[in-house]
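Below: one structure, written as structure tokens.
The values are calculated or read from the model by the stated rules, or taken from the named source; none is laboratory data. Since we're looking at a predicted model, the values are computed, not measured. FYI the Cβ positions are ideal-geometry reconstructions off the backbone, even for glycines, and counts take in every protein chain you see. What goes into the accessible areas is simple: the full protein's heavy atoms, side chains included, and nothing from ligands, DNA or RNA. Shrake-Rupley method; radii C 1.70, N 1.55, O 1.52, S 1.80 Å.
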Amino acid sequence: MAVGTASAHPLAPALLELREIGEGRVEVLWKTSSTRIPGSNVQPVLPAHCTSVGIPRLELGPGSVTTHLTLECGEQGLVGAEVGVNDLEAARISALLRLELADGRSFQRVLRRDAPRATVPERESAWEVLRSYGELGGEHILTGLDHLLFVLGLLLLVGGGRRLVATVTAFTVGHSVTLSLAVLGIVNLPTGLIELGIALSVFVLALELARGADATPSLLRRRPWGMAGTFGLLHGMGFAGALSEVGLPQADIPLALFSFNVGIEIGQLAFILAMLALAWILRRPLRAVPPWMEQAPVYALGTLAAFWCYERAATLLP
């Protein structure tokens, strides 16, 4: 059974939540981006034995559409039923499936383009939690352009060797700390301010790079790991925002949080290795590049970061 027509931004996962409320009834929440990818028609796939009762209710949010409806599923309920989301491949997104059963048990699973449906299990395995949240973390970092450009800026600032290891490690420690604190509800800051702060971190790094290596070394250049760790705290809040949208399985919170963080680190490491490999491949052609062109990537980085700052600051205005 499929209901509704919704769309999704290529970087925004959809959310399908089903909650048993007793007497065979199930409340459904279906949330997607209000942006539609041409040729895609993302729709939830609900249990075939369930029927919709009442009138669906729509909510329009900033960049999203949320549908609420109620299903009548009889004595069978949700266990053993197949649910999912259609057209993830065409929309180039993933989706989070969140289930709450009448006996208090809850399950979560990331639906991907190659596996858009799932059968509601009696109990979700630890391996499934580890795999799905690791994939979600890797996908988040690799589709987060602002995070990747900050890492690229760190590479341009410190080059390779021990300084790169120390700087990236400091960034990892920083965002791991705030990711955990924010997801667990210990630290909470407005999402808009966090996103603006992340854009500012990229812009500050671009300004430092624009000074050139011949300028008097600033504190950022002398102690890049300190700067990376500090801004890492900010980026971790951004990662937490994405994970909070998805949610954590109540029975496996430490495992899911650990797996999500590992996924981020694997994605980050893959990006760094790809950039180092690209630099090695282009080392000879780059020797012929005029000096004035060497700063082109830095100015592009700063320009994009400045645009993000203006764009995100505008969303905070009343």
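Heavy-atom accessible area with a 1.4 Å probe sorts Met237, Met293, largest first, into Met293, Met237.
The Cα center of the stretch 108-151 and the Cα center of the stretch 214-245 differ in position by 25 Å. For a paramagnetic label modelled on Thr191 (point 7 Å from Cα along Cα→Cβ), amide N atoms under 20 Å away belong, within the stretch 38-58, to 58. The packing ranking of peptides 298-305, 268-275, 107-114, highest mean first, is 107-114, 298-305, 268-275, where packing means the average number of other beta carbon atoms within 10 angstrom of each residue. Remark on Asn86: its backbone amide H falls under 5 Å from those of Gln43, Val45, a criterion applied only to residues 5 or more positions apart or on other chains, H modelled at 1.01 Å from N.
Shape call for the stretch 65-143 from the C-alpha gyration tensor, a ≥ b ≥ c root eigenvalues: rounded (a/c under 1.5), prolate (a/b greater than b/c) or oblate? Oblate is the answer for the stretch 65-143, as a/c is 1.5 or above yet b/c matches or exceeds a/b.
Per-residue extension of 0.36 nm, minus the Cα-Cα distance of Ala166 and Ala90, leaves a gain of 23.3 nm for this segment. The string of couplings for the stretch 189-196 from the Karplus curve (6.51, -1.76, 1.60, θ = phi - 60°) is 10, x, 4, x, 5, 4, 5, 5 Hz, one whole number per residue in order, with x for Gly and Pro. If you take the alpha carbon atoms of the stretch 8-66 and fit the smallest convex hull around them, that volume is 99 Å³ per residue.
Accessible surface for the stretch 189-280, divided over its residues, is 47 Å² per residue with a 1.4 Å probe.
Equivalent ellipsoid of the stretch 170-290: semi-axes from √(5λ) of the C-alpha gyration tensor, largest first, are 32, 19, 12 Å. Reported to the nearest whole Å, the Cα centre-to-centre distance from the stretch 159-196 to the stretch 267-308 is 23. Ordered from largest to smallest accessible area (heavy atoms of protein chains, 1.4 Å probe), the residues Leu219, Leu149 come out as Leu219, Leu149. To the nearest 10, the accessible area of Leu46 is 0 Å² with a 1.4 Å probe.
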